[in-house]
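Each remark here refers to the structure printed beneath this line.
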Amino acid sequence: MGPWERLEELRRRPERRILGLMSGMSRDGLDLALVRVRRSPALEVQVEAARTVPYGPELWARLAAAPEAAAPELARLDFDLAEAWAAAALEFLAVHGPVDLVGSHGQTVAHHPRAAGRPAATLQLGQAAVLAERLGVPVVSDFRARDVAAGGEGAPLVPRADWLLHARPGAVSGCLNLGSIANVSVLPARAEEILAFDAGPANALIDALARAATGDIDRDGALSAGGAVCDEVLLDLYRRRRHWLAQPPPRSAGYATFSAPLAAELRAAFPALGAADLVRSAVEFSALVVRDALAAFVLPRFGGCSPLRASGGGCRNPTLMAALRAHLAPLGVALEPLPEPWPDAKEAVAFALLADATLCGEPGNVPSATGARHPVVLGTLTP
């Protein structure tokens, strides 16, 4: 049986085990999620196992430098990163058993939202051919490009999975992913009414400021917990990013929007302010932009959105979670962290489900979230 015949046989199966791989803008590590998908008689999803494999300092440094790297380094990183992911996946699957398919988001090294009449552009590394060769199963990758080609932002792509897994009948609830960027998915009863968008920074600015001061992220919110909010910093941040924050959905944030370049501007503008106060102010800003986005774009349309279930690394920052709860409570929005293993695994699970949709020839984007002209089948399939 040839590769295309095997793919057709896999597509016809009522049940598949799929490995989702996600490496986010924080570049801290690879999230792996093993998902069992059943399609008969209705879609059922079971998360069987999940794990995060941290990157070593050398690989982290290369990923951090990648947005400014030249083509030779990007070419080498494309393959080196996939080799590291394949090794992590083989170790994971040695414990949890084989899979039929892999969905790999890739590592974003550039993401340019639509601006001034120009279409979006996006680039992810992590060579799918290496993953397919090492793991011996088909790989779906490069999910964002087709949505961009259809006029979308290429992001966010998680809302389809959010709705399938977390929507509540008869209610408007939501998901808030607190990765480098805070992504909101509003989940009404009807999938075609989903609203999803990037709200602003979650950890990107917080951790860029913390790394500059200490060499590490704001781990467990320890640094920010010892600081005080500076109103002048908040005003400065709103002024610097006012145009982006005023944009209605669909919208997405690029690498430079809220990460190291903005942190450098902030440190230069407030040289006398201590690191703890700067980081605490960044935490407050991250919470405020989520509040502002819900108040401006969600509540007027849906009347409410509760609970808002949180995932991502920001769930492990108590200072950020406390600030979010304080600002969301007056809106009538309750913030609830998703239970384990969801905080770290949710996006890896989402790309496993998107890979399944691609295998079955189903659209994976939500045009109301990305701004695409129409639904499209996402990704490139490597047999």
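So here's what we get for this one:
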quantity: Selection count, segment 261-293, where residues are assigned to a helix (DSSP H, G or I), of a type in the set (A, V, I, L, M, F, W, C) and more than 18 Å from the chain's Cα centre (by Cα); calculated: 14
quantity: Count - residues of segment 254-294 that are more than 23 Å from R219 (Cβ to Cβ) and of a type outside the set (K, R); calculated: 11
quantity: Every pair of residues 6+ apart whose Cβ atoms lie under 7 Å, when the first sits in segment 337-356 and is under 17 Å from S173 (Cβ atoms) while the second is of a type in the set (V, I, T); calculated: A350/V158
quantity: Given (1) aliphatic (A, V, I, L, M); (2) under 30 Å from R11 (Cβ atoms); (3) at pLDDT 95 or above; (4) open to solvent by 10 Å² or more (accessible area, probe 1.4 Å), number of the condition L331 does not satisfy; calculated: (2)
quantity: Filter result for the condition that a residue is in contact (Cβ under 8 Å) with a residue 60 or more places away in the chain, over 30 Å from L378 (Cα atoms), in a loop (DSSP other than H, G, I, E, B) and not hydroxyl-bearing (S, T, Y), over I217, I206; calculated: I217
quantity: Boolean, F285 is under 13 Å from P201 (Cα atoms) and in contact (Cβ under 8 Å) with a residue 40 or more places away in the chain; calculated: yes
quantity: Every residue from segment 113-154 that is in contact with a Gly (Cβ under 9 Å, 6 or more places away or on another chain), at pLDDT 95 or above and among the basic types (K, R); calculated: R144, R146
quantity: Helices (runs of 4 or more DSSP H) within segment 1-110 that include 2 or more residues touching a Leu at 6+ places or on another chain (Cβ under 6 Å); calculated: 71-96
quantity: Residue pairs meeting the criteria (Cβ under 7 Å; at least 6 apart or on separate chains; first among the small types (G, A, S), in segment 158-171; second exposed (fewer than 13 other Cβ atoms within 10 Å of the Cβ)); calculated: G170/A189
quantity: Matching residues, segment 355-369, being hydrophobic (A, V, I, L, M, F, W, C), out of contact with any strand residue (DSSP E or B) (no Cβ under 6 Å at 6 or more places or on another chain) and under 20 Å from V148 (Cβ atoms); calculated: A357, V366
quantity: Complete set of residues in segment 240-254 that are assigned to a helix (DSSP H, G or I), open to solvent by 50 Å² or more (accessible area, probe 1.4 Å) and not aliphatic (A, V, I, L, M); calculated: R240, R242, H243
quantity: Residue within segment 97-112 that is open to solvent by 30 Å² or more (accessible area, probe 1.4 Å), modelled with pLDDT of 95 or more and more than 30 Å from E336 (Cβ to Cβ) present; calculated: yes
quantity: Test: residue in segment 255-263 that is open to solvent by 10 Å² or more (accessible area, probe 1.4 Å) and at pLDDT 95 or above; calculated: no
quantity: Yes/no for A296 being open to solvent by 40 Å² or more (accessible area, probe 1.4 Å) and not in a helix (DSSP H, G or I); calculated: no
quantity: Residue within segment 39-46 that is of a type in the set (V, I, T) and open to solvent by 40 Å² or more (accessible area, probe 1.4 Å) present; calculated: yes
quantity: Among the candidates E340, E336, residue that is surrounded by fewer than 23 Cβ atoms within 10 Å (Cβ to Cβ) and in a loop (DSSP other than H, G, I, E, B); calculated: E340
quantity: Test: residue in segment 232-239 that is under 23 Å from the mean Cα position of the chain (by Cα) and assigned to a loop (DSSP other than H, G, I, E, B); calculated: no
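The values are calculated or read from the model by the stated rules, or taken from the named source; none is laboratory data. Source: prediction; values computed, not measured. Glycine also receives a Cβ, built like all others from the backbone with ideal geometry; neighbour counts cover every protein chain displayed. Just the protein is used for accessible areas: all its heavy atoms, side chains included, with ligands, DNA and RNA removed. Shrake-Rupley method; radii C 1.70, N 1.55, O 1.52, S 1.80 Å.
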